[in-house]
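Step one of this worksheet: look at the structure below.
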Amino acid sequence: MAPEREERTHAERTPADAPRRQPVVLIAEDNVDNLGLLVDYLSTRGFRLIPSTTGREAVRLALSEGPDLVIMDIQMPDMDGLEAIKQIRSDPRLAATPIIALTALAMVGDRERCLDAGATAYVSKPVGMRQLSDLLWSYV
Ligand code: MN
């Protein structure tokens, strides 16, 4: 009977057709132009963005929102990204959350400082948007 078949087909299809949950990405970047570009692009790549322009705000939002992923600029005026990463990592609920550090400084030791602070990965500016998106998706 057609109606039964339709029902069964619908039930079988439901899991695969269910909308994929958008990973929530907290992004901290004090340069509002860069922040806007990243938010706009990553929104088109399937993420839901929580923007932040300061390290302190990023820590507060990480604790309150429990994002799936964090993008953390390192050079920020009030609290730098390294300190913000350490504070985020000190909360057991966020101990395993992937954190991608962004920095404009391509100095020797930057990578180690970011990873020592608790970053999962490190990306040098200027950031390749597609590369960053692919990296984020590899962690969800
Ligand atoms: Mn900055």
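Numbers at a glance
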| read-out | value |
| --- | --- |
| In order through region 39-47: 3J(HN,Hα) via Karplus (6.51 cos²θ - 1.76 cosθ + 1.60), integer Hz, x for Gly, Pro | 5, 4, 5, 5, 5, 7, 9, x, 9 |
| Likely footprinting exposure, Tyr139, Tyr122, fewest C-beta neighbours within 10 Å first | Tyr139, Tyr122 |
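Just so you know, all these numbers are worked out from the coordinates, no wet-lab data involved. Quick caveat, the model's predicted, so the values are computed rather than measured. FYI the Cβ positions are ideal-geometry reconstructions off the backbone, even for glycines, and counts take in every protein chain you see.
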